[in-house]
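S.K.: Pasting a structure here, questions to come.
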Amino acid sequence: MSDKVIITCAVTGSAHTPTMSPHLPFTVEDVVAESVAAVEAGAAVIHLHARDPRDGRPTPDPAVFSEYLKPIKANTDAVVSITSGGGTGMTVDERLEIINVARPELCTLNLGTMNYGGFPMIDKYRGQWRFDWEEPYLESTRGTPFVSTYADIEHMLHVVGPETGARFEFEAYDVGHLYTLAYYLDLGLVQPPIFLQTIMGVMGGIGPSVDHLVHMRQTADRLLGSAYEWSVLGAGRHQFHILTAAAAMGAHTRVGLEDGLYVGKGRLAPSNADQVRKIRRILDELSLEIATPAEARQILDLKGLDKVAF
């Protein structure tokens, strides 16, 4: 793996809702400003979801994504990784439309269908909702799984990647997802270097313990050998504990208000950049050097910012 650490910042996501933090960006201006500030703080990769600028609900609308992408490109040299996961209830075609339109350097590829549970957050915020879509949206995760079938994965590998030139941020929420990735690597449908994002602490996926982190790393080493670059994110209150352990084990790191809303115990993060600055301080204390966007492109073998369609 690279001896420089790629910091990814996931600036808004689709799991949290506006009631949960006044700092969660959802207007176009705020998403762009948060992305630019995160890059200035040290993020090499910006991971993007889109939200309706009127009320913050997740949207797959390519027009909204385009309003983010152009000014981010104009004001930074960051790698942009666009979600292909979108939000609960979106169809696969809706989720992939922006990838086909924007032809980014990176996009996510979820390695399996799973129960992604946002409904446990309802009780904490019941009666406080800022917008009327929030509670029904979270409740929908009780009965609606996130869908990524083998056919969907193969479509990404056979069609989306080759036709757009995008490489993949492979998202593994549990150990079985690593076996799926290894299967497609063995078939020759996945080409190294693999950018593997290990997700710890989402309800429905593997829990946020260091033991599980070690197990995921050892399993990936056994199945993938030297073919991958390992990145880790920790969900919610476990965010920085997991990232510190992962960084000490040689991982790249992902922060951002998609993954966790806090920057310390009981302290909401005022911005994505504050989380980037915190993980950068931790990496500095571990004597680890962060990668620039140009270095991230080299590590991940990306096509370059001049070859995107935005």
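The values are calculated or read from the model by the stated rules, or taken from the named source; none is laboratory data. The model shown is predicted, which means the values in this text are computed figures rather than measured ones. Heads up, the Cβs are rebuilt from the backbone with ideal geometry, glycines too, and the neighbour counts pull from every protein chain shown. Note: accessible area is taken over every heavy atom of the protein model, side chains too, but ligands, DNA and RNA are not part of it. Shrake-Rupley method; radii C 1.70, N 1.55, O 1.52, S 1.80 Å.
S.K.: For region 222-235, which residues satisfy the criterion of being outside any strand (DSSP E or B) and surrounded by 13 or more Cβ atoms within 10 Å (Cβ to Cβ)?
M.R.: Once the filter is applied, which keeps residues that are outside any strand (DSSP E or B) and surrounded by 13 or more Cβ atoms within 10 Å (Cβ to Cβ), region 222-235 yields LEU223, LEU224, ALA227, ALA235.
S.K.: Please tell me if SER209 is surrounded by fewer than 19 Cβ atoms within 10 Å (Cβ to Cβ), free of Cβ contacts under 8 Å to residues at least 24 places away in the same chain, within 17 Å of GLY42 (Cα to Cα) and hydroxyl-bearing (Ser, Thr, Tyr).
M.R.: Here the answer is no, as SER209 does not meet what is asked.
S.K.: I'm trying to understand the selection: among the residues of region 159-195, which are over 18 Å from PRO104 (Cβ atoms), under 15 Å from the mean Cα position of the chain (by Cα) and open to solvent by less than 10 Å² (accessible area, probe 1.4 Å)?
M.R.: Hit for region 159-195 is ALA172, nothing else.
S.K.: Do we have any residue at all in region 102-115 that's part of a helix (DSSP H, G or I) and at pLDDT 95 or above?
M.R.: yes
S.K.: Would you check if VAL101 is within 20 Å of ALA151 (Cα to Cα), surrounded by fewer than 19 Cβ atoms within 10 Å (Cβ to Cβ) and either in contact with a Leu (Cβ under 8 Å, 6 or more places away or on another chain) or in contact (Cβ under 8 Å) with a residue 60 or more places away in the chain (or both)?
M.R.: No: the conditions fail for VAL101.
S.K.: In the set ARG217, ARG222, which member is among the basic types (Lys, Arg) and more than 15 Å from GLY250 (Cβ to Cβ)?
M.R.: ARG222
S.K.: Return the residues of region 247-259 that are free of Cβ contacts under 8 Å to residues at least 40 places away in the same chain and either out of contact with any Lys or Arg (no Cβ under 7 Å at 6 or more places or on another chain) or aromatic (Phe, Trp, Tyr) (or both); say none if nothing qualifies.
M.R.: Across region 247-259, the qualifying residue is only ALA248.
S.K.: With the structure loaded, tell me whether GLU169 is in a helix (DSSP H, G or I) and not basic (Lys, Arg) or whether it fails that test.
M.R.: No: the conditions fail for GLU169.
S.K.: A follow-up question, please. Among the residues of region 165-176, how many are out of contact with any strand residue (DSSP E or B) (no Cβ under 8 Å at 6 or more places or on another chain) and not small (Gly, Ala, Ser)?
M.R.: Residues that pass the stated criteria total 1.
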